[in-house]
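Reading through the structure tokens given below for one structure.
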Amino acid sequence: MKPILIGAHMSAAGGVSNALYRGKEIGANTIQLFTANQKQWKGKKITPEEVERWDRAKKETGITIVTSHGGYLINLGSPNQEILHKSSVAFQEEIKRCHLLHIDYLNFHPGSATGSSEEQCLDTIIHSLLHVAPLMNQGSTTMVIECTAGQGSQVGYQLEHLAYIIQHTHKKIKIGVCLDTCHMFAAGYDIRSHQGWERVLKEFDALIGIDYLKALHLNDSSQDLGSRKDRHASLEKGKIGLECFRYIMNSSKTKYLPKYLETPSGDKYWKNEIKLLQSLAQK
């Protein structure tokens, strides 16, 4: 029987291997982490010793499916050439770290227009991804575009945006999508019910193809449907409600995908939220 993969975004303080042990402590069987400081352009190098510790931690914890989350400064769609260059260099360093650690997925925010049009931003993202394709294909990591809330000048808040990027890159790189429940809700996708999710995934399949759905971020939202505000809330503490997560834990389209909590209370509550999600899954 396939495992139901539930985890959270774990701290890698003190070394990336620590994120695996912290995940094990809260009952996670998959984790997401930053492989370097997410708020700096230049990341710390992964040493051979750290790779050894990482491999040992994977064996000791039994956690085999891992997602890296790209740094927050990276904007692969920036019209500013200096920022775009820095973003490309930083993204390539992310990819190299993923290859060293044999990480399954590299989750990234697509980008922000910051002065250009959405169409120009999307085309720049595609160009940026194709630029790193040779490096990406040196390893087994799959790039995963995270849908956004559409806050500010973000792109990626419409399924059409994600479809456009994938349509122009999937033949050159391994790529997929991560749906964040808070972001989707804030962007106007009503996923509060079984019927709502079915409508959204039918649209996803028609535009993108359901096989491109690779992971989920499980967050409630403190803001209303269509607010375009990215404000995560703990499960049962927001506007989305548990039926959304009950669907995710039982639908054949989502049940066995890696799922990561990014709720605001951190590992203090993630242990209980993991148990809650497990309880929603029908035996």
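Values quoted throughout were computed directly from the atomic coordinates according to the rules given, and no laboratory measurement underlies them. Here the structure is a predicted model, which is why all the values come from computation and not from measurement. All Cβ positions, glycine included, derive from the backbone under ideal geometry; neighbour counts span all protein chains shown.
From the set of residues in segment 59-73 that are more than 14 Å from the chain's Cα centre (by Cα) and crowded, with 16+ Cβ neighbours inside 10 Å, which is farthest from Thr148 (Cα to Cα)?
Thr61
Which one is surrounded by the most Cβ atoms within 10 Å (Cβ to Cβ), of the residues in segment 208-234 that are basic (Lys, Arg) and in contact with a Phe, Trp or Tyr (Cβ under 8 Å, 6 or more places away or on another chain)?
Here the residue is Lys214.
Kindly evaluate Glu262 against the criterion of being touching a Lys or Arg at 6+ places or on another chain (Cβ under 9 Å), among the charged types (D, E, K, R) and either more than 22 Å from Ala149 (Cβ to Cβ) or surrounded by fewer than 18 Cβ atoms within 10 Å (Cβ to Cβ) (or both).
No.
Residue by residue through segment 15-38, note down the ones that are buried (at least 18 other Cβ atoms within 10 Å of the Cβ) and not in a helix (DSSP H, G or I).
Val16, Ile26, Ala28, Asn29, Thr30, Ile31, Gln32, Leu33, Phe34, Thr35, Ala36 - these are the residues of segment 15-38 that are buried (at least 18 other Cβ atoms within 10 Å of the Cβ) and not in a helix (DSSP H, G or I).
Show the residue pairs that are 6+ apart or on different chains and have beta-carbon atoms under 9 Å apart, the first residue being within segment 75-92 and assigned to a helix (DSSP H, G or I), the second being surrounded by fewer than 19 Cβ atoms within 10 Å (Cβ to Cβ) and of a type in the set (Lys, Arg).
Within 9 Å, the pairs are Val89/Lys42; Ala90/Lys42.
Which residue pairs have Cβ atoms closer than 9 Å, lie 6 or more positions apart in sequence or on different chains, and pair a first residue in segment 252-275 that is in contact (Cβ under 8 Å) with a residue 24 or more places away in the chain and outside any strand (DSSP E or B) with a second residue that is of a type in the set (A, V, I, L, M) and surrounded by fewer than 16 Cβ atoms within 10 Å (Cβ to Cβ)?
Lys253/Ile210; Lys255/Ala281
Could you tell me which residue of segment 210-239 is nearest to Asp190 (Cα to Cα), considering only residues that are among the small types (Gly, Ala, Ser) and over 16 Å from the mean Cα position of the chain (by Cα)?
Gly226
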